[in-house]
Amino acid sequence: MCGGSRFLDVGPEYNPGLVSLIPRLICAGGSLSGQLFQAMRQSIIDGASDTAAELAQQALAIGVDPLEAVNQGFAAGITFAGDQFGCGQMFLPDLLASAEAMKAAINILEPEMLKRGSQREALGKIILGTARGDIHDIGKNLVATILSASGFQIFDLGTSVTPEEFVAKAKEVDADIVGISALLTTTMAGQKAVIEALDRNGLRPRVKAIIGGAAVTQKWAAEIGADGYSRNAIDALELAKNLMSKVMNKGTAQA
Amino acid sequence: MRPRIQLLTPELIGRILCEAFELLMSPGVRVGSAPVVELLRSAGVEVNDGVARVPEQLVRNCMASAPRDFNLYNRSGEKAVHYGGDDVHFDPGSCCVQMLDPDTLEARPSETRDLVRLIQVTESLPQFAAQSTAVVCNDAPSAIGDLYRLLVVLQHSHKPVVTGSFSAAGLQGMIDLLAADSGSQDNLRKKPRAVFDVCPSPPLNWSEFGSHNLLELARAGVPAEIVSMPLAGGTAPVTLVGSVTQHAAEVLAGITLHQLAGPGSPVVWGGAPAIFDMRTGGAPMGAVETAMLNMACAEVGKHLGLPTHGYLVATDSKFVDAQAGAESARSAMLGALTGINMISGAGMLESLACHSVEKLVIDAESIASAYRLVRGVETRGATLATAMFAQTGLSGEFLKLKETRAHFRQEQHLPSPVIDRSARGSEPPSDAFTRARARVNELVSQYQKPSFPEDVLRKYQSIVEREADRAGVASALSGD
Ligand code: B12
């Protein structure tokens, strides 16, 4: 994906003003839904919340399946944005705008998806927080942004989170992964404490624990029995995806 | 004439302060702890839902009680650092968690031996007026890591120390250790050897931990350095001037708390402002805009007549390479030209996460050059050149002149062998990193550890044991 243009080729310009024509065109076998999906993708890439919301509304108005609108339209945009960010073509403010636009679209489509019982499956549920006594949260927030933009459902507990709070939330939402950030050598012990608490409560190995932060090393991750660590947000995404495949395999193996 | 550089006009500083005072009222400042809320309320400040609205008049009163300048003292009780006016000092960056291994070129968790090496080199270089608790010792129990670092520095150095604590609970032990070093709490107050960095959390948040330490330092009369770290675009407005304004508001709020708790206690208008890297979310300490932020923030502090501090001479590179050299030398010059009283950061790589003692000796050369620059173009003697020409005529024999011999040491900074100016000879030339390694080894081999009276060591021991007990770890008095 790297090196490509920031802008997808939208093809013949989609004109939202033509919405009244859409049903007729679709009936006539035109590929306007294809154009609509492309416009949806572009609205996310542009970080244009208003346009994204408008397109979502139009999709509902002309009877496009909302799940399809997400999967073929909006989500493609966020995947593209994530990739572009990963290779330095898009920047954090762009990515955040894309995530906002995604939210705007989903907000409109969600009620209809609920009605149809066609909820979009999240890639997995991840709890994030900074260890007790630590107020550094920039890195953790970045990880949350990337993971959530990529389809994970994120529960961000904020900064200075106790092991008990991690455990309680993991139980409450039936989490797949718990991610603990710590930037201080003094608070890294908190990562260990969370993992121990997850063990004590019988949540592991089903729930995976991952860690990160400036001083975190492979050695530390191994020492405290973490299921993984990463040095940046992009690697955190890979890590989470890999762990999810293990979570899934385990699920079927046990079944 | 001393050369200087100025980024802000007096008019712009006026606007910055004006908006900073506005910010202190709306949205106000988040304050974390009950004692702070109480202190502010007793001064008539309105605090609702943990947010204080601090009126300008109170801030101005508090600024008036803050000293315009103060000194740090060395172990023998002599003045060694003057915080105030345009005096410029440098110290190595603080608190790195990793060390660049010169053999493998890998960053590995820092240990006591690394801290000792950094101290030994800092001790012998006149460019560094103060030591810092430069790295965290991963081989010591982390629960008392901040105390332990300070102990190692005190055991190996005569110079003043720039330090800081990682938690509220850790501060008292460190103050006690310094009091033991000074002979008594009272001596420490009169002749402080250390200054403590204390950080608000951007934006406009004096967390429980930060504000607790600020108040305790004020009460103990131990100098506090308010290190506000707005990251422009991430945790502060994206414009440089907007971040400078937020910085001013955070420091003004800090000074207010500090002076309410301990009127007249020394406090520094410090900072580690940086831009926010829009690709990585990091804090690029080597960026020129980061240097500009440090300069502009210090200019506001100087305008208010307060002692100043900044974080420069650091790089984002992972190696001691051309990027490291360029970024660090550039900001050393800019900081010196601004007249910042204490400039922390030398030796640091990887956006403050990793230290290198080899980088430290190279940075020392940049700092020496910066000092030379700041001295400017001086005049010596009654004429500029004619008196010397009267002696040489057109012979060109300046090397023989007594003036040459008398003045070349002031006119030129004579670099250490870290800087290569040699003519190519039979030996193959070396690069700066290789020369830096040799220089480090040389300085370390020349270093002599100060000796300590038994009773001071015993006091150290008992404080460390007490703190280890408190933190629930086995005590470790070592560092030799
Ligand atoms: C910005 C910063 C601050 C800001 C934080 C603002 C905020 N809202 O987060 C402020 C000014 C508040 C601050 C305060 C302090 N800081 Co600070 N800070 C930094 C700095 C310069 C950058 C951190 C950062 O944001 N990096 C950018 C992000 C994007 O990177 P990251 O955090 O590493 O995250 C990435 C990866 O690690 C990974 N990751 C992170 N978390 C997770 C979690 C999971 C699950 C996974 C998979 C991956 C992952 O992905 C992230 C995205 O790429 C670091 C130095 C450094 N280079 O790390 C010091 C640093 C961490 N701080 C340090 C210190 C000492 C402090 C203070 C104690 C200072 C003081 N005396 O008051 C206080 C701490 C207070 C407390 N109790 O927490 C030291 C730590 C020393 C130590 N003992 O460990 C450092 C190393 C700097 C130094 N040399 O002094 N700090």
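Among the residues of segment B:330-351, the ones that are in a helix (DSSP H, G or I) and under 26 Å from residue B:84 (Cβ atoms) come to 9 in all. Once segment A:204-219 is narrowed to residues that are of a type in the set (A, V, I, L, M, F, W, C) and modelled with pLDDT of 95 or more, the residue that is surrounded by the most Cβ atoms within 10 Å (Cβ to Cβ) is A:209. Hey, among the residues in segment A:82-114 that are in a loop (DSSP other than H, G, I, E, B) and open to solvent by 30 Å² or more (accessible area, probe 1.4 Å), which one's nearest to residue A:154 (Cα to Cα)? Result: A:91. On inspection, residue A:95 passes the criterion of being within 14 Å of chain B (Cβ to nearest Cβ), under 29 Å from residue A:35 (Cα atoms) and out of contact with any strand residue (DSSP E or B) (no Cβ under 9 Å at 6 or more places or on another chain).
Table: residues versus (1) in contact with a helix residue (DSSP H, G or I) (Cβ under 7 Å, 6 or more places away or on another chain); (2) part of a strand (DSSP E or B).
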residue: B:72; (1), (2): no, yes
residue: B:76; (1), (2): no, no
residue: B:80; (1), (2): no, yes
residue: B:85; (1), (2): no, no
residue: B:91; (1), (2): no, yes
residue: B:94; (1), (2): no, no
residue: B:99; (1), (2): yes, yes
residue: B:104; (1), (2): no, no
residue: B:115; (1), (2): yes, no
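Hey, any hits in segment A:104-115 for a residue that's out of contact with any Asp or Glu (no Cβ under 8 Å at 6 or more places or on another chain) and within 16 Å of the ligand (Cβ to nearest atom)? No, segment A:104-115 contains no residue that is out of contact with any Asp or Glu (no Cβ under 8 Å at 6 or more places or on another chain) and within 16 Å of the ligand (Cβ to nearest atom).
Going by the conditions given, is residue A:79 in a helix (DSSP H, G or I), at negative phi and within 15 Å of the ligand (Cβ to nearest atom)? For residue A:79, the condition - in a helix (DSSP H, G or I), at negative phi and within 15 Å of the ligand (Cβ to nearest atom) - is not met. If you filter segment A:222-248 down to residues that are acidic (Asp, Glu) and under 24 Å from residue A:83 (Cα atoms), you find that the one that is nearest to the ligand (Cβ to nearest atom) is A:235. Restricting segment A:150-160 to residues that are open to solvent by less than 30 Å² (accessible area, probe 1.4 Å) and in contact (Cβ under 8 Å) with a residue 60 or more places away in the chain, the residue that is nearest to the other protein chains (Cβ to nearest Cβ) is A:152. Of all the numbered requirements in (1) crowded, with 22+ Cβ neighbours inside 10 Å; (2) in contact with a helix residue (DSSP H, G or I) (Cβ under 8 Å, 6 or more places away or on another chain), residue B:278 misses one, and that requirement is (1).
In segment B:125-141 there is at least one residue that is without any contact (Cβ under 8 Å) to a residue 60 or more places away in the chain, crowded, with 24+ Cβ neighbours inside 10 Å, more than 13 Å from the ligand (Cβ to nearest atom) and of a type outside the set (A, V, I, L, M, F, W, C). Within segment B:266-285, the set of residues being more than 14 Å from chain A (Cβ to nearest Cβ), without any contact (Cβ under 8 Å) to a residue 60 or more places away in the chain and outside any strand (DSSP E or B) comprises B:273 only.
Scoring residue B:319 on the criteria (1) assigned to a strand (DSSP E or B); (2) out of contact with any Pro (no Cβ under 9 Å at 6 or more places or on another chain) leaves a single failure, condition (1). When the residues of segment A:178-196 are filtered to those that are open to solvent by less than 30 Å² (accessible area, probe 1.4 Å) and over 26 Å from the mean Cα position of the chain (by Cα), the one that is nearest to the other protein chains (Cβ to nearest Cβ) is A:185. Look at segment A:197-215: where a residue is within 14 Å of chain B (Cβ to nearest Cβ) and a partner is open to solvent by less than 10 Å² (accessible area, probe 1.4 Å) and at pLDDT 95 or above, sitting 6+ places away or on another chain with Cβ atoms under 6 Å, you get A:213/A:182.
With respect to the conditions (1) buried (at least 24 other Cβ atoms within 10 Å of the Cβ); (2) at pLDDT 95 or above, residue B:113 falls short on a single one, namely (1).
The set of residues in segment B:129-162 being under 23 Å from residue B:32 (Cα atoms) and within 19 Å of the chain's Cα centre (by Cα) consists of B:146 alone. Segment B:370-450 holds helices (runs of 4 or more DSSP H) entirely within its bounds, and those carrying 3 or more residues that are more than 28 Å from the chain's Cα centre (by Cα) map to B:386-392, B:402-411. For the criterion of being out of contact with any Pro (no Cβ under 6 Å at 6 or more places or on another chain), closer than 19 Å to residue A:217 by Cα, open to solvent by less than 10 Å² (accessible area, probe 1.4 Å) and more than 14 Å from every other protein chain (Cβ to nearest Cβ), residue B:105 fails. Each residue in segment B:333-386 was checked for being more than 14 Å from chain A (Cβ to nearest Cβ) and within 16 Å of the ligand (Cβ to nearest atom), and 11 pass.
Here's a check for you: in segment A:115-149, which residue that is basic (Lys, Arg) and open to solvent by 30 Å² or more (accessible area, probe 1.4 Å) is nearest to the other protein chains (Cβ to nearest Cβ)? Result: A:132. Tallying residues that are in contact (Cβ under 8 Å) with a residue 60 or more places away in the chain, under 14 Å from residue B:120 (Cα atoms) and open to solvent by 70 Å² or more (accessible area, probe 1.4 Å) within segment B:438-463 yields 2.
The values are calculated or read from the model by the stated rules, or taken from the named source; none is laboratory data. Note that the coordinates shown come from a computational prediction; the quantities given were computed from them, not determined experimentally. Cβ coordinates were reconstructed from backbone atoms using ideal geometry, including for glycine residues, and neighbour counts include every protein chain displayed. These area figures cover heavy atoms from the full protein model, side chains too; ligands, DNA and RNA do not enter into them. Shrake-Rupley method; radii C 1.70, N 1.55, O 1.52, S 1.80 Å.
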